[in-house]
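Right, one structure below, let's go through it.
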Amino acid sequence: MSGESFEVVVIGGGPAGLSAALNLARARRRVLVVDGNRPRHAATLRAHGFVTRDGISPLELRRLGREEVDAYENAAVVFAQVGAVELEGDGFRVTGRGVRGGADVDVRADAVVIATGVSEMMPAIPSLRAYYGTQLHSCVECDGYETADQPLALIGETSDLAERALLLTQWTDDLIVFTNAAEVVDAEEERMLAQLGVTVERRPIDDVVGEKGVLTGVRLTDGTVIERARGFLRPVWSPQLSFADALDLDRDSDGYLVTDAQGRTSVPGVYAAGETTAPGPQQLIVAAGSGAVVAAAVNRDLIGLSLDGAAVL
């Protein structure tokens with residue numbers, strides 16, 4: 001796919017990007033979605049909290065979304081990994097290499113929507129991935145209900161661990177917070193959690209353990225095994241934005257894009273949807289809603305550009 005022009009190129013084919021693309025297609029914009037097809041939630045079997053789709057596979061939700069966008073004559077989806085977005089004249093040039101049979105991309109766009117989400121780095125515990133998406137989860141709001149009334153572990157090394165533990169007390173009264181020797185829960189937070197029956201385990205973790213693919217506990221480096229049936233992880237999230245370095249977009253101290261309430265970045269014509277702007281509830285429906293909000297802003301701004309050469313804000 002080379003030399004074509006689009007009104008909007010959406011980078012990222014998750015719920016945020018596909019929602020933005022669908023709404024823009026319905027606004028009769030010529031839209032291209034460029035999707036690297038490496039979803040963060042690929043290991044998750046069921047997604048929850050998405051009205052009419054509660055319990056759907058995240059991969060199935062993405063497939064349905066691509067089909068809906070592709071059904072519009074003025075929209076297309078291509079599997080490609082974007083390598084660069086650069087200013088070109090009064091618009092942008094988007095280039096990338098095809099993946100999984102997708103075409104290479106070298107196209108022009110009047111506007112760009114960045115919806116690439118985040119990558120996640122797990123605590124350095126060997127067997128976490130074996131249980132991730134089945135008995136270990138990262139989204140409390142998504143999977144808390146299915147873990148209700150079970151002995152739970154919360155494993156993480158970040159300063160918001162106590163806050164996430166408080167959320168989990170909605171679903172269980174048997175929760176242990178494992179800090180893996182990181183000093184991330186202070187004495188006051190530990191006292192507050194203790195009042196709710198939550199224990200803080202500060203000893204380092206050797207591994208999570210199980211039998212026949214079923215999680216049974218957390219093994220500490222001193223050999224102690226603490227029985228747990230399921231649990232939650234707190235990965236370290238980081239936005240995937242190296243392809244946009246040439247645009248010099250404003251970012252916050254954690255590297256997330258700074259936008260206004262409608263997703264406009266510091267560069268006119270570039271927008272951001274979903275988790276590229278800030279970490280929050282990891283629910284797919286939240287990302288999809290963000291995409292719809294951004295699509296409305298893009299459409300209005302393009303109408304402004306076509307009328308008088310200046311964006312309508």
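The values are calculated or read from the model by the stated rules, or taken from the named source; none is laboratory data. Just so it is clear, the model here is predicted, and its values are computed rather than measured. Virtual Cβ from ideal backbone geometry, glycine too; neighbours counted across all protein chains shown.
All of (1) outside any strand (DSSP E or B); (2) out of contact with any strand residue (DSSP E or B) (no Cβ under 6 Å at 6 or more places or on another chain) hold for Ala25 with one exception: (2).
Does Glu68 qualify as being of a type in the set (Asp, Glu), in contact (Cβ under 8 Å) with a residue 40 or more places away in the chain, in contact with a Leu (Cβ under 9 Å, 6 or more places away or on another chain) and not in a strand (DSSP E or B)? Against the criterion (of a type in the set (Asp, Glu), in contact (Cβ under 8 Å) with a residue 40 or more places away in the chain, in contact with a Leu (Cβ under 9 Å, 6 or more places away or on another chain) and not in a strand (DSSP E or B)), Glu68 qualifies.
Filtered by the rule that a residue be touching a residue at least 40 places away in the same chain (Cβ under 8 Å), of a type in the set (D, E, K, R) and either surrounded by fewer than 17 Cβ atoms within 10 Å (Cβ to Cβ) or touching an Asp or Glu at 6+ places or on another chain (Cβ under 9 Å) (or both), segment 130-156 gives Glu141, Glu146.
Does Val69 qualify as being crowded, with 17+ Cβ neighbours inside 10 Å and under 15 Å from Arg100 (Cα atoms)? No, not satisfied. I need the full set of residues from segment 115-129 which are within 27 Å of Gly12 (Cα to Cα) and surrounded by 15 or more Cβ atoms within 10 Å (Cβ to Cβ), in order please. Ala115, Thr116, Gly117, Val118, Glu120, Met122, Pro123, Leu128, listed by residue number.
Just one of the numbered conditions (1) under 22 Å from Asn180 (Cβ atoms); (2) of a type outside the set (S, T, N, Q); (3) in a helix (DSSP H, G or I) is not true of Ile125: (3). None of Ala246, Ala297, Ala261 is touching a Lys or Arg at 6+ places or on another chain (Cβ under 7 Å) and either in a loop (DSSP other than H, G, I, E, B) or closer than 17 Å to Val112 by Cα (or both) except Ala297. Screening the candidates Val94, Val77, Val113, Val85 for the property of being closer than 30 Å to Pro268 by Cα, part of a strand (DSSP E or B) and under 17 Å from the mean Cα position of the chain (by Cα) yields one hit, Val113. For Thr95, the criteria (1) modelled with pLDDT of 95 or more; (2) surrounded by fewer than 19 Cβ atoms within 10 Å (Cβ to Cβ); (3) not assigned by TED's automatic domain parsing to the domain that holds Ile56 hold in every case but one, which is (3).
Residues of segment 1-49 that are within 17 Å of the chain's Cα centre (by Cα) and either among the charged types (D, E, K, R) or on the phi > 0 side of the Ramachandran plot (or both): Gly12, Asp35, Asn37, Arg38, Arg40, Arg46, Gly49.
I'd like to check something: does segment 139-150 contain any residue that is of a type in the set (Ser, Thr, Tyr), closer than 11 Å to Arg234 by Cβ and either outside any loop (DSSP other than H, G, I, E, B) or not assigned by TED's automatic domain parsing to the domain that holds Ile56 (or both)? No, every residue in segment 139-150 fails to be of a type in the set (Ser, Thr, Tyr), closer than 11 Å to Arg234 by Cβ and either outside any loop (DSSP other than H, G, I, E, B) or not assigned by TED's automatic domain parsing to the domain that holds Ile56 (or both). Can we say Val225 is in contact with a strand residue (DSSP E or B) (Cβ under 9 Å, 6 or more places away or on another chain) and crowded, with 22+ Cβ neighbours inside 10 Å? Criteria not met by Val225.
With respect to Arg108, determine if the residue is out of contact with any Ser or Thr (no Cβ under 6 Å at 6 or more places or on another chain) and among the charged types (D, E, K, R). Against the criterion (out of contact with any Ser or Thr (no Cβ under 6 Å at 6 or more places or on another chain) and among the charged types (D, E, K, R)), Arg108 does not qualify. Just one residue in the set Gly197, Gly210, Gly217, Gly223 is part of a loop (DSSP other than H, G, I, E, B), within 30 Å of Gln170 (Cα to Cα) and not assigned by TED's automatic domain parsing to the domain that holds Arg46; that residue is Gly197. In segment 241-262, the residues that are under 21 Å from Ala292 (Cα atoms) reach residues that are basic (Lys, Arg) with C-beta atoms within less than 7 angstrom, at least six apart or across chains, in these pairs: Leu257/Arg251; Val258/Arg251.
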